[in-house]
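Take a look at the structure set out below.
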Amino acid sequence: MPNKTISIAKDFSRYPAGRFLDDGPANGELFQEKFLIDIMKNNDTVSIELDGTRGYGSSFLEEAFGGLARKGYDPDEILKKINLISSDESLIYEIESYIREGNT
Amino acid sequence: MISGGSLQWVSWIVIIAGWWFVNRTNNKRETRKEQKIIVESLRTKIEKLTLLSIEYHLSDRNLHKEWEIKRGLKYLWADINIPLQQIIDKTSLTRKLTNYKKAITYSNFDTPAHKKLEIGDNDLEGLADSSEALIRLIENAYFNCYHK
């Protein structure tokens with residue numbers, strides 16, 4: 001059972017956009033550094049609430065979540081620790097595909 | 001010998017069965033008409049979003065278009081899945097919708113490094129193809145349900 005919930009809209013930005021630090025203030029690389037790396041370093045499972053933002057570009061999602069696999073984290077381990085919550089099932093599917101394919 | 005009372009019961013049963021059958025047929029026809037309208041409106045919506053996306057990639061970066069595109073994509077899952085969930089395969093919908101979103105926003109999007117693409121660029125062809133695949137999925141779901 002996840003111990004904590006992170007809401008991207010409330011805890012990070014309602015306007016996530018872009019991959020890298022140069023792309024803007026709420027980019028995927030920054031989200032990964034601020035939240036996801038910590039999750040992977042701790043033992044807890046964390047829920048990430050995806051709803052409430054103004055929408056996501058695939059570039060943001062791929063860099064944030066797929067980038068974890070590129071940093072060497074095992075995709076199965078990532079999927080165990082991160083519980084994605086959204087009313088949009090295609091969003092969850094998309095992120096999970098980036099996690100699995102991130103290091104290919 | 002069949003009594004008058006029994007015949008009356010039979011008449012009522014025939015009337016009620018007839019009403020039930022006609023009502024059911026009417027409801028099916030109305031549902032089919034409603035879903036046809038929904039399918040057509042989804043086609044229009046996706047085509048508009050595709051055109052906007054192609055314009056975006058053929059032009060200098062436009063923040064308003066980025067906002068409009070993300071907004072359009074955000075609601076697409078619910079717009080398709082909620083009214084058509086009885087007739088559309090969810091797994092196929094998830095895949096085709098994800099491919100469509102990726103085709104628009106995976107690269108050259110949400111970045112100052114955005115550049116104008118040329119007509120015929122592979123990424124634009126991919127965008128058009130994924131749009132058509134999504135529309136076909138929706139239309140096939142309708143036709144397979146009501147016209148097979």
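Extending 7 Å from Cα along the Cβ direction at residue B:58 and again at residue A:43 yields two label points whose distance is 5.8 nm.
The modelled label-to-label distance between residue B:21 and residue B:143, using points 7 Å beyond Cα along the C-beta direction, is 3.1 nm.
Sorting B:147, B:114 on solvent-accessible area from highest to lowest, probe radius 1.4 Å, gives B:147, B:114.
Using the Cβ-Cβ distance between residue B:90 and residue B:118 with R0 set to 22 Å, the FRET efficiency works out to roughly 0.05.
Can you tell me which of B:97-103, A:37-43, B:15-21, B:69-75 comes out highest on packing, and rank the rest after it, using the mean Cβ neighbours within 10 Å?
Details: B:97-103: 23.1, A:37-43: 13.1, B:15-21: 10.0, B:69-75: 18.9.
Highest to lowest by the protection proxy: B:97-103, B:69-75, A:37-43, B:15-21.
Please give the residues from segment A:47-68 for which the solvent-accessible area of heavy atoms, probe 1.4 Å, is smaller by at least 10 Å² with all protein chains in place than with the chain isolated. When all protein chains are present, A:53, A:54, A:55, A:56, A:57, A:58, A:59, A:62 each give up 10 Å² or more of accessible surface.
So what does log10 I(q)/I(0) come out to for segment B:24-148 at q = 0.17, 0.18, 0.19 Å⁻¹, using the Debye formula with one equal point on every Cα and no solvent? At q = 0.17, 0.18, 0.19 Å⁻¹ the computed log10 ratios are -0.84, -0.92, -0.99. Chain A packed on chain B takes about 1800 Å² of accessible surface away from a 1.4 Å probe, both sides summed. Using a simple spin-label model with pseudo-atoms 7 Å out from Cα toward Cβ, residue B:79 and residue A:9 lie 1.8 nm apart.
Considering only B:130, B:146, B:87, whose Cα is most displaced toward the positive end of the charge dipole of segment B:70-148, charges sitting on Cβ of Lys, Arg (+1) and Asp, Glu (-1)? The Cα lying farthest towards the positive end belongs to B:87. From most to least packed by mean Cβ count within 10 Å, the peptides A:54-63, A:82-91 give A:54-63, A:82-91.
Accessible surface area normalised per residue over chain A is 47 Å², counting heavy atoms of protein chains with a 1.4 Å rolling probe. Across all directions, the average flat footprint of the convex hull enclosing the Cα atoms of segment B:102-146 is 3.8 nm². Restricting the calculation to Cα atoms, chain A yields a radius of gyration followed by a Dmax of 12.2, 36 Å. Residues of segment B:51-82 whose accessible area, computed with a 1.4 Å probe over protein heavy atoms, drops by at least 50 Å² once all protein chains are present relative to their chain alone are B:70, B:74, B:77.
Return the carbon/sulfur percentage of the accessible area of the protein assembly as shown, one whole number, probe 1.4 Å, all protein chains in place.
Numbers: 7490 of 14280 Å².
So the carbon and sulfur contribution to the accessible surface is 52 percent.
When the helices of the protein assembly as shown are scored as -39500 (n - 2.57) per DSSP H run of n ≥ 4 and the total is divided over every residue, the value at 222 nm lands at -19500 deg cm²/dmol. Ordering A:21, B:117, A:68, B:63 by accessible surface, largest first, gives B:63, A:21, B:117, A:68; the 1.4 Å probe counts only protein heavy atoms, with every chain in place.
Can you give me the Kirkwood hydrodynamic radius for the protein assembly as shown, using every pair of distinct Cα atoms, in Å to one decimal?
On the way: mean 1/r = 0.0485 Å⁻¹.
About 20.6 Å for the protein assembly as shown.
With the cut-off at under 19 Å, measuring from each backbone N in segment A:1-40 to a point 7 Å along the Cα-to-Cβ line of residue A:51 picks out A:2, A:4-16.
Given all pairs of different Cα atoms, what value in angstroms does the Kirkwood hydrodynamic radius of segment B:59-124 take? Could you put the intermediate results ahead of the total?
Working: mean 1/r = 0.0739 Å⁻¹.
Result for segment B:59-124 stands at 13.5 Å.
Where in segment A:46-83 is the amide nitrogen less than 12 Å from a point lying 7 Å along the Cα-to-Cβ axis of residue A:96? Correct set: A:79-80, A:83. When its C-alpha radius of gyration is set against 2.2 N^0.38 Å (N residues), segment B:51-94 gives a value of 1.49.
Using a probe of 1.4 angstrom and keeping all protein chains present, the accessible surface of segment B:42-148 works out to 54 square angstrom per residue. Name all residues of segment B:114-148 having a backbone nitrogen under 16 Å from the label point set 7 Å from the Cα of residue B:31 along its Cα→Cβ direction, giving them as ranges. Counting backbone N atoms under 16 Å from the label point, the list is B:141-148. Once the partner protein chains are put back, segment A:87-101 shows a loss of at least 40 square angstrom of accessible area, versus the chain by itself, at A:88, A:89, A:90, A:93, A:94 (probe 1.4 Å, ligands and nucleic acids excluded).
The values are calculated or read from the model by the stated rules, or taken from the named source; none is laboratory data. Not measured: the values here are computed from a predicted model. Note: ideal-geometry Cβ built from the backbone for every residue, glycine included; neighbour counts use all protein chains shown. These area figures cover heavy atoms from the full protein model, side chains too; ligands, DNA and RNA do not enter into them. Shrake-Rupley method; radii C 1.70, N 1.55, O 1.52, S 1.80 Å.
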